[in-house]
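To keep things clear, I will list the structure first and then write my remarks on it.
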Amino acid sequence: MINLPHIDRYLQIASEVAKEAGKFLKENFENIKEIEYKGEVNLVTEYDKEAQELIYSKLSSAFPEHGFLGEEDLEKRGDYEFRWIIDPLDGTTNYAHGYPVFCVSIALEHRDRIILGVVYNPMLDELFWAIEGRGAYLNNRKIKVSSTKELDKSLLATGFPYDLRESKNNNINHFNNFILKVQAVRRGGSAALDLCYVACGRLDGFWELKLFPWDIAGGMLIVKEAGGKVSDFRGNEIDPYAKEILASNGFIHSQMIEILKLGEKNE
Ligand code: IPD
Ligand code: CA
Ligand code: CA
């Protein structure tokens, strides 16, 4: 169990900042003027950048001795004991279309371990959070993963990488295999929220490939602290820099690995 002297302060400030950035995104929802393209289907709005700026300025003034990594070209390099990993807007495609499913994700890394994660959905005023070793919470309520034991009865989520038109390793093979074996598969459009939904039992499992640390660092910890399991597609332990992630309630994990193995054959 993590026992750092300032951990409660880190949590308090990260939660306040995530809520403030979320409120800012909600206020500007459906008010987008600038959409830039990072790739054919990879968008970024002015609010991704402004939300990151808001988060960075608050966290860096509270913790000037910490490092930073954020999706919108934010990297404060150096030999830092602590580093904040930030996705200021996870679900940009949804946000840009006025589809109300998106969140702010902030994680704190301490010497290569994620020790704190907060994920805030401003549309539902839901703050998911966890500190390593202390369980996972949704607002003030402790959460745990579902108890679904069979894949056949499971609700899963996934997503597709931005290079899906160019790369054959685009998850369509796995999607095709899963969709015939489970109750349903959702493509919510926010990997951080998908992970939180596994943590609180709304989903039984989630898999995706080619994600980045800012997408999954916070959510991974929240799943584990809620009693779930997180691994690569073969069941090996991963860190947030891994290029594939499988998260589940634990009960259906090996069944999901079997389906992912089928996909390797038709890659
Ligand atoms: C994306 C979302 C989406 C996932 C993409 C991510 P962004 O993040 O998490 O669900 O399928 O792979 O890149 O670009 O909206 O921050
Ligand atoms: Ca993201
Ligand atoms: Ca983002």
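The values are calculated or read from the model by the stated rules, or taken from the named source; none is laboratory data. It should be emphasised that the depicted structure is a prediction, and the values quoted were computed from it without experimental measurement. Cβ coordinates were reconstructed from backbone atoms using ideal geometry, including for glycine residues, and neighbour counts include every protein chain displayed. Ligands, DNA and RNA are excluded from the accessible area calculation, which covers all protein heavy atoms including side chains. Shrake-Rupley method; radii C 1.70, N 1.55, O 1.52, S 1.80 Å.
For (1) more than 16 Å from ligand 3 (Cβ to nearest atom); (2) touching a Pro at 6+ places or on another chain (Cβ under 9 Å); (3) not assigned by TED's automatic domain parsing to the domain that holds residue 134, each residue gets a yes or a no:
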| site | (1), (2), (3) |
| --- | --- |
| 70 | no, yes, no |
| 76 | yes, no, no |
| 92 | no, no, no |
| 103 | no, yes, no |
| 119 | no, no, no |
Give the residue that is least open to solvent (accessible area, probe 1.4 Å), with candidates limited to residues of segment 175-194 that are in contact with a helix residue (DSSP H, G or I) (Cβ under 6 Å, 6 or more places away or on another chain), part of a helix (DSSP H, G or I) and more than 13 Å from ligand 1 (Cβ to nearest atom).
178
Any pair with Cβ under 8 angstrom, 6 or more apart, that starts in segment 71-96 at a residue that is on the phi > 0 side of the Ramachandran plot and ends at one that is of a type in the set (Gly, Ala, Ser) and away from ligand 2 (no atom under 13 Å from the Cβ):
78/67
So, residue 84, is that one touching a Ser or Thr at 6+ places or on another chain (Cβ under 7 Å) and away from ligand 2 (no atom under 14 Å from the Cβ) or not?
no
Within segment 225-240, can you find the residues that are part of a loop (DSSP other than H, G, I, E, B), open to solvent by 30 Å² or more (accessible area, probe 1.4 Å) and either within 16 Å of ligand 2 (Cβ to nearest atom) or in contact (Cβ under 8 Å) with a residue 60 or more places away in the chain (or both)?
227, 239
Regarding residue 260, is this residue more than 16 Å from ligand 2 (Cβ to nearest atom), open to solvent by less than 20 Å² (accessible area, probe 1.4 Å), over 23 Å from residue 72 (Cβ atoms) and not assigned by TED's automatic domain parsing to the domain that holds residue 103?
yes
Condition check for residue 42: among the polar types (S, T, N, Q) and within 16 Å of ligand 1 (Cβ to nearest atom):
yes
Answer yes if at least one residue in segment 174-192 is within 27 Å of residue 73 (Cα to Cα), outside the structural domain of residue 84 (by TED's automatic domain parsing), hydrophobic (A, V, I, L, M, F, W, C) and more than 16 Å from ligand 3 (Cβ to nearest atom), and no otherwise.
no
Quick check: anything in segment 181-202 more than 27 Å from residue 130 (Cβ to Cβ) and among the hydrophobic types (A, V, I, L, M, F, W, C)?
no
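Residue by residue, here is whether (1) open to solvent by 90 Å² or more (accessible area, probe 1.4 Å); (2) part of a loop (DSSP other than H, G, I, E, B); (3) within 16 Å of ligand 2 (Cβ to nearest atom) holds:
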position	(1), (2), (3)
4	no, yes, no
10	no, no, no
14	no, no, no
17	no, no, no
27	yes, no, no
30	yes, yes, no
51	no, no, yes
54	no, no, no
58	no, no, no
So residue 124 fits all but one of (1) buried (at least 16 other Cβ atoms within 10 Å of the Cβ); (2) in a loop (DSSP other than H, G, I, E, B); (3) away from ligand 3 (no atom under 16 Å from the Cβ); what number is the exception?
(1)
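Could you identify the single residue in 38, 58 that is touching a residue at least 24 places away in the same chain (Cβ under 8 Å), more than 13 Å from ligand 3 (Cβ to nearest atom) and charged (D, E, K, R)?
Numbers: 38 fails: more than 13 Å from ligand 3 (Cβ to nearest atom).
Result of the check over 38, 58: 58.
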Could you look through segment 198-224, keep only residues that are surrounded by fewer than 24 Cβ atoms within 10 Å (Cβ to Cβ) and more than 16 Å from ligand 3 (Cβ to nearest atom), and pick out the one that is nearest to residue 170 (Cα to Cα)?
209
Mind checking whether some residue in segment 103-121 is outside any strand (DSSP E or B) and buried (at least 16 other Cβ atoms within 10 Å of the Cβ)?
no
